[in-house]
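Below is one structure, written out as structure tokens; comments come after it.
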Amino acid sequence: MKRFYFLVCILLLGLTVEAQNHAPKPKPADLPKPYGPVPTAAQVAWQRMEMNMFCHFGPNTFTGLEWGEGTEAEDIFNPTALDCDQWVSVAKKAGFQGIILTAKHHDGFCLWPNPMSTHTVRESAWRNGQGDVLKELSEACSRGGVKFGIYISPWDRNAPTYGTDAYNKVFLKTLRNVHTNYGPIFEQWFDGANGEGPNGKKQVYDWKKFNAQTKKLQPNAVIFSDVGPGCRWVGNEEGTCGRTCWSRLDVEGREPGKNAPSQDTLNVGNYNGACWIPAETDVSIRPGWFWRESEHPKSVQELLKIYYNSVGRNSLLLLNVPPDNRGLIPAEDSLRLMEFRAALDSIFAHDLVDEAAEGKGYFGIYVSNVRKSNHRHCLCWDNIPAYMNGHENNCNSFRYSPFHLIGDNHYDNYWATDDTVTTAWVELIFNEPQTFNRVMLQEYIPLGQRVEKFHVEVEDENGSWRTIAEETTIGYKRIVLTETVTTKKVRIVIDKSRACIVLNRVGLFLDNIYKE
Ligand code: FUL
């Protein structure tokens, strides 16, 4: 027994030392101050999901319409083999962290027995009116460890009260019903489309109440709309976020739909936007949002382009994969997703920076400045994990060392510069020449978004430096596409930052699959 306690103590001691090594406690005064608006913890968690799956499913799946009329007979909805565990399994294998379902699209049909409507699964012959897609999907998600989100269209072409004040109350109760019966949701998706209801009228929505009630009942749900408040539409349905993309937006006096910022503004954000409202890129794997027998999924090339133009540009990707009229993700879509996943895995499996740091031979990271360190140029890694040897390494500020730029562990550890330093470089020096064409950079967004101009240089055999990319924003994640280069020295130059620089990742990759 004594021996057992001894072992436990050693283990605990080891864990403590390990934890301290990875996250040395900074003095509070040393910490970089947040700059501008910053994300909530829920927004950071949401952004780190990177890729989620959208499922458009409902009467349109059976009629071939994109926007149902609201007059379709409930019996139209009749999936013969609904299996939400299959959706979850496909989503997981493809690398999606969450699934968002169209619980109610513009036709007003509810995929759950909404007490506020008579146009629901309950009125259909499907499973004798006993079916509930929301319940099945939320349970499948929690079984599979995938997060569950809800799309509900405020526009309703079926609700008799639509276009009157009474509809806002109906909609609030509808939301309450969903938000209290189906477990935690990670995202509430409010569509900005606002057309006419059955009586030809448009609705004046009570967005304040919709958002307030959602926040109260689902405090961790990130609310999507044209103007947030949790995340914003990227301004198009083609899967393209702006090459410059600020996670900041001005929304004062604005509303989804009729008074939203322009699509161009949504695409790039506002440089001085007062609120943290990051972009979400929603796009369908097929031409339409709903399944149609005649349509087919996009190619791996198209999907990779979408990935680079969304996740690679500081946006989350919400890829729509519509279930078919059996209630299953069709084989060709799931196959395509597996090919897409395999392509991403093969591209991003080898981070040349991480591998050089782990491998044999020399590897160095020099930076022009390290916060709270008197070393101007700092060699932080020459393949001796110095901190493991009990040294602090020769940056005398391990807490902000460029060591933290390597690999994707320890999200909360970062390289930072002194407060006054808003221009800086990171130089990577390899033992052997490295061949790459993708540069991945990440800002530590819990402290805001700072970088507004940067470029990448490589050294050629003659020792002269050449610029291979010039870009603007970084944000949560930036993947820069460059020509394929082979070099022993790479320099990332931050030309302009709005406050001291705070980065937690630099990666180099070789993509042999995507052809621009
Ligand atoms: C749009 C809708 O009108 C489409 O049908 C689809 O749901 C898309 C995601 O949002 O506003």
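For the criterion of being in the same structural domain as residue 339 (by TED's automatic domain parsing), away from the ligand (no atom under 16 Å from the Cβ), at pLDDT 95 or above and under 24 Å from residue 39 (Cα atoms), residue 305 fails.
Of the residues that sit in the range 34-75 and are among the small types (Gly, Ala, Ser) and more than 13 Å from the ligand (Cβ to nearest atom), which one is surrounded by the fewest Cβ atoms within 10 Å (Cβ to Cβ)? Before you say what the answer is, go through the steps one by one.
From the range 34-75, those among the small types (Gly, Ala, Ser) are 36, 41-42, 45, 58, 64, 68, 70, 73; that's our starting set.
Filter once more, keeping what is more than 13 Å from the ligand (Cβ to nearest atom): 36, 41-42, 45, 64, 70, 73.
Numbers: 36: 19, 41: 9, 42: 17, 45: 15, 64: 14, 70: 20, 73: 11.
Per the stated criteria, the residue is 41.
Against the conditions (1) in contact (Cβ under 8 Å) with a residue 40 or more places away in the chain; (2) assigned to a loop (DSSP other than H, G, I, E, B); (3) closer than 21 Å to residue 68 by Cβ, residue 238 satisfies every one except (3). Here residue 311 fits the description: within 26 Å of residue 445 (Cα to Cα) and not acidic (Asp, Glu).
Pairing each residue of the range 453-476 that is more than 24 Å from residue 311 (Cβ to Cβ) with any residue that is surrounded by fewer than 16 Cβ atoms within 10 Å (Cβ to Cβ) and β-branched (Val, Ile, Thr), provided the two are 6+ apart or on different chains, yields C-beta distances under 8 Å for 457/467. Whenever a residue of the range 126-143 is more than 13 Å from residue 184 (Cα to Cα), its partners that are among the polar types (S, T, N, Q), lying with C-beta atoms within less than 7 angstrom and at least six residues away or across chains, give the pairs 126/78.
Does the range 297-314 contain at least one residue that is in a loop (DSSP other than H, G, I, E, B) and of a type in the set (A, V, I, L, M)? Yes, that holds for at least one residue. Please name all residue pairs, on different chains or six or more residues apart, with Cβ atoms under 7 Å, provided the first residue is in the range 44-63 and is closer than 12 Å to residue 111 by Cα and the second residue is more than 16 Å from the ligand (Cβ to nearest atom) and in a loop (DSSP other than H, G, I, E, B). So the pair list comes out as 58/77; 59/77.
Among the residues making up the range 119-158, a single one is over 28 Å from residue 169 (Cα atoms), part of a loop (DSSP other than H, G, I, E, B) and not aliphatic (A, V, I, L, M): 145. Test of understanding: among 336, 292, which residue is in the same structural domain as residue 140 (by TED's automatic domain parsing) and crowded, with 20+ Cβ neighbours inside 10 Å? Checking each option against the conditions leaves just 336.
Filtering 231, 245, 241 for residues that are more than 16 Å from the ligand (Cβ to nearest atom) and within 15 Å of the chain's Cα centre (by Cα) leaves a single hit, 245.
Kindly evaluate residue 280 against the criterion of being within 28 Å of residue 228 (Cβ to Cβ), within 16 Å of the ligand (Cβ to nearest atom) and either in the same structural domain as residue 196 (by TED's automatic domain parsing) or surrounded by 18 or more Cβ atoms within 10 Å (Cβ to Cβ) (or both).
Working: within 28 Å of residue 228 (Cβ to Cβ): yes; within 16 Å of the ligand (Cβ to nearest atom): yes; either in the same structural domain as residue 196 (by TED's automatic domain parsing) or surrounded by 18 or more Cβ atoms within 10 Å (Cβ to Cβ) (or both): yes.
Yes.
Of all residues in the range 89-120, those being more than 18 Å from the chain's Cα centre (by Cα) and away from the ligand (no atom under 16 Å from the Cβ) number 11.
The rows are residues; the columns are (1) closer than 22 Å to residue 277 by Cα; (2) acidic (Asp, Glu).
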position	(1), (2)
453	yes, no
466	no, no
472	yes, no
478	yes, no
495	no, yes
502	yes, no
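Output the residues belonging to the range 144-162 that are closer than 29 Å to residue 93 by Cα and either within 16 Å of the ligand (Cβ to nearest atom) or in contact (Cβ under 8 Å) with a residue 60 or more places away in the chain (or both). First the steps, then the outcome.
First pass over the range 144-162, keeping only residues closer than 29 Å to residue 93 by Cα: 144-153.
The answer is 147, 149, 150, 151, 152, 153.
The values are calculated or read from the model by the stated rules, or taken from the named source; none is laboratory data. Computed from a prediction, not measured in an experiment: that's the story for all the values here. Methodologically, a virtual Cβ is constructed for each residue, glycine included, from the backbone with ideal geometry; neighbour enumeration extends over all protein chains shown.
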